[in-house]
Each structure stands twice: as structure tokens, then as C-alpha cells.
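Asker: Dropping a structure here in C-alpha cells format, bear with me for questions.
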Amino acid sequence: MEVIEVTLPHGFTVDGNWHRAARLRALCGRDEAFLCEEAANLSPAARTTALLARCLTGLGPIHDVQPAHTRSLTIGDREALLLHLRRSTFGERLSCVLSCPESSCGEKMDLDLNIGDLLSVPYDAPQTQHETQVNAGGTSCTVRFRLPCGEDAERVAEIARHDINTAAQRLIERCVLEARREDALVDALPSSAFRQIPGLMAELDPQAEMILRLQCPACSRPFATVFDTADFLYREVAAQRGGLYHEVHLLAFHYHWSEADILAMRPAKRRMYLGLLSETLGGDSA
């Protein structure tokens, strides 16, 4: 199966060396079935970890990519990989349906996006750690932190189901490496850190949260929404679950191929053969 090489916006280190190259193959039927079955009960973060581990054939010098590797990538790098994965499997264009958030309106609107417009350019001078100054009771506190990764998102996933604010606080706590006032370590982060650090993280890893700024065509209200690649891709594949097994049935019935051979194909290749069958059988195979 064809493998593409992509550049991560942030990157990662191996033995002290920085790497941004990733090698990725498109989804095949096995991956679609995985998303619809085994991964259906996983948290979105855990589902992303597992899917990327299946489809990545390399990360820098790493050739045998495991879930631990994809779990350690920043949220932005994981989003970028999902966008590349979606593009290589289904194409450049994304078609969405949104609802106006105004309660008195609720207008449905179609939105077409291009993946190229959603991908961030590689960041300038990325680092594994960052520092900022926050106010702590009238004095300055130095906070050293790292960017959130897939493992952080997985660890707070259960909390987020019930309390998104507490989950966000736990995420920040996981990413803070040290807080120091003058020469003494601070046991508890000042509240100002929880207000300041999320915005700084968003600036340092803009691919992590893709905000779409839109206007309702019916009521003209401007609004913003976050595009979640993992959620979009999962829903897109899950919506075609019945179609996947119907395609397997038709190809196995007419060509006598095994289920394993058919599920190893990319969606576009399966549908090419189905198109040929439809032409040959006068449309009865559809």
C-alpha cells in the first residue's frame, strides 16, 4: 500500500535529536472495521492513539510504531496526522453540516473545507519545555511546562465526560513540570496559572485546536466552533459501516476473494471494483 511522508508541525526528540518526518498509509477496510467495532467504545483520545499506531509506518528513525509512540506526540501533531490520514484516504475536501448556535435560529448550514487550509505550517523553533511568569499573590512565579500530548488527553478523558473544567485543570497539572517562586518550589499552582497557561499552550501548538470563525446565513450571527478531526473522521467512517460489509459481501460473492483480501483494500479501490461490477451486471450489484 502506498505510503506518504508528511511533516509534523511540532515534532519530537529521539536520543536528543529533533524529528518531524512521519510516514503514513491510508485507511484500509481493516482500519474502517476497527473504528466501527473495537474502537467504538474507546475515548476519542485512545481511539486516535490506536488508529495512528495502525497507520503510521514510521516516525523519524522509528520504524515499528507502537501506541506508546503515538501517545507521546503533541495534540497538534496528532491532529495533523489525522488530517493527512483523512486526505490520503478520502480526499482533500471535507463536507460538514453545522447548526447556528443561536437558540432562536438553529439554521442548518453546509460547510465545505479544504484540508490544506486546516494544516499549520511547521512551527518555528519548537521546544520540549517552556517557561512563563504568572502572578502568585502579588509576587512572580516561574512555571516550567510542556505541551499536552496524547497520553494526557487519555488520562483526563473519563473526567472530561462529567466535568470539562476539572479535566482541563488536571491536564494543566499534568503538563506543569515545575513551579518556583524565587528559589523555592511551589507545592500548589496559583490560580493565575490555570488562566494563563492554556492560552499560551494554544499559541505554542495552534494545530491542536482548529477554530473556525463563521457567520450564520440566516440570522447573520457570527460564531466560532472547533473542528475536531478525530470526531469527524470517526463519524464519517461509522456512518458507512453498513456499506463496508455490503461491499465486502458483493466483492466476495462475485470475485470469490477472501474477506481478508477485500478488507486490505483502500476504500477507493473497493469502489472501483464495485463500479466495474455494476457496469458488467447492468447495475444489479449496487
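Only the coordinates and a few stated rules stand behind these numbers; no lab work does. Keep in mind that what you see is a predicted model, and the values were worked out from it rather than measured. Glycine also receives a Cβ, built like all others from the backbone with ideal geometry; neighbour counts cover every protein chain displayed.
Asker: Quick one: net charge of residue 53's neighbours, Cβ under 15 Å, K/R +1, D/E -1?
Answerer: +1
Asker: Then there's this: Segment 240-280: Rg/Rh from Cα coordinates, Kirkwood Rh?
Answerer: Here the Rg-to-Rh quotient is 0.92.
Asker: Would you kindly enumerate the cysteines in the chain that have no other Cys beta-carbon under 4.7 Å from their beta-carbon?
Answerer: Lacking a cysteine Cβ partner under 4.7 Å: 28, 36, 55, 96, 141, 149, 175.
Asker: Starting from the exponent 0.38 and prefactor 2.2 Å, build the expected Rg for the chain from its residue count and divide its actual Cα Rg by it.
Answerer: Normalised Rg, Cα atoms only: 1.18.
Asker: Here's something else I'd like to know. Go ahead and estimate [θ] at 222 nm for the chain from helices alone: -39,500 (n - 2.57) per DSSP H run with n ≥ 4, summed, over the residue count, rounded to 500.
Answerer: -13000 deg cm²/dmol
Asker: Give, rounded to the nearest 20 debye, the magnitude of the charge dipole that segment 240-280 has about its Cα centre when Lys and Arg contribute +1 at Cβ and Asp and Glu contribute -1 at Cβ.
Answerer: Here segment 240-280 has a charge dipole of around 180 debye.
Asker: Okay, next question. So if I take the centroid of the Cα atoms in segment 237-286 and the same for segment 174-191, what is the distance between those two points in Å?
Answerer: Taking the Cα centre of segment 174-191 as reference, the centre of segment 237-286 is 57 Å away.
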